[in-house]
Amino acid sequence: MKEERTFLMIKPEGVERGLIGEIIGRFERRGFKIIALRLSKISKEQAEKQYEEHRGKDFFDGLVSYMSSAPTVSMVIEGENAIAAAREMAGVTNPKQAKPGTIRGDYGLDVQRNIIHASDSEESAKREIAIHFENLRFN
Ligand code: IDP
Ligand code: MG
């Protein structure tokens, strides 16, 4: 087991629907430490960087404008195996296929509005933390 940090974002519909506490609570109860947390409307540029790997796909422009259209919650959590654990807690991308008990399975509306983003690797986590928590000191 490895101590890791990962980046999470509660998407606009999660904030709008009043699910911030519910979602953060799942990570707290699972024993993860929240080491950074912010409610903000991200810029189009930040959204583009976050989803850079999808540039050119048909959903890219819609996703970028959606993610920068309304407040989101950005956070960094820390704990054992945090990256894989958060992906597992989020569930698969399409909420219709996500298992009950996962965040997307329980609350996701459709493939774009799937409630939460979670970094998919150590490299993505580092990159995404830098996009959203520039200059932040954790300790
Ligand atoms: P992930 O969030 O589970 O890692 P990715 O395939 O990396 O899923 O896609 C990033 C995000 O892009 C998804 O969470 C979702 O919001 C959006 N997305 C992915 N596929 C589609 C699609 O087919 N239509 C609309 N939005 C999509
Ligand atoms: Mg992804």
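Would you mention how many residues in region 17-37 are β-branched (Val, Ile, Thr) and within 16 Å of ligand 1 (Cβ to nearest atom)?
So the count comes out to 1.
List, please: which pairs have Cβ atoms under 9 Å, are six or more places apart or on different chains, and start with a residue in region 22-37 that is on the phi > 0 side of the Ramachandran plot and surrounded by fewer than 13 Cβ atoms within 10 Å (Cβ to Cβ) and end with one that is at pLDDT 95 or above and not in a strand (DSSP E or B)?
Within 9 Å, no pair qualifies.
Can you go through 69, 40, 121 and tell me which one is within 14 Å of ligand 1 (Cβ to nearest atom), among the small types (Gly, Ala, Ser) and either at pLDDT below 95 or under 14 Å from residue 12 (Cβ atoms) (or both)?
When all the criteria are applied, what remains is 69.
Evaluate region 103-112: report whether one residue or more is surrounded by 15 or more Cβ atoms within 10 Å (Cβ to Cβ), part of a helix (DSSP H, G or I) and either among the basic types (Lys, Arg) or within 14 Å of ligand 2 (Cβ to nearest atom) (or both).
Yes; the residues of region 103-112 include at least one that is surrounded by 15 or more Cβ atoms within 10 Å (Cβ to Cβ), part of a helix (DSSP H, G or I) and either among the basic types (Lys, Arg) or within 14 Å of ligand 2 (Cβ to nearest atom) (or both).
Mind checking which residues of region 85-96 are loosely packed, with under 15 Cβ neighbours inside 10 Å and either of a type in the set (D, E, K, R) or away from ligand 1 (no atom under 11 Å from the Cβ) (or both)?
88, 96
For region 62-82, enumerate the residues that are within 11 Å of the chain's Cα centre (by Cα) and among the β-branched types (Val, Ile, Thr).
Hits for region 62-82 are 72, 73, 76, 77.
Give the residue that is nearest to residue 2 (Cα to Cα), with candidates limited to residues of region 113-128 that are over 11 Å from the mean Cα position of the chain (by Cα) and surrounded by 12 or more Cβ atoms within 10 Å (Cβ to Cβ).
122
Among (1) part of a loop (DSSP other than H, G, I, E, B); (2) surrounded by 13 or more Cβ atoms within 10 Å (Cβ to Cβ); (3) of a type in the set (Asp, Glu); (4) more than 14 Å from the chain's Cα centre (by Cα), which single condition is residue 134 missing?
So residue 134 meets the others, but not (2).
The values are calculated or read from the model by the stated rules, or taken from the named source; none is laboratory data. Being a predicted model, the structure only gives us computed values, none of them experimental. Neighbour counts run over all protein chains shown; Cβ positions are idealised from the backbone, glycine included.
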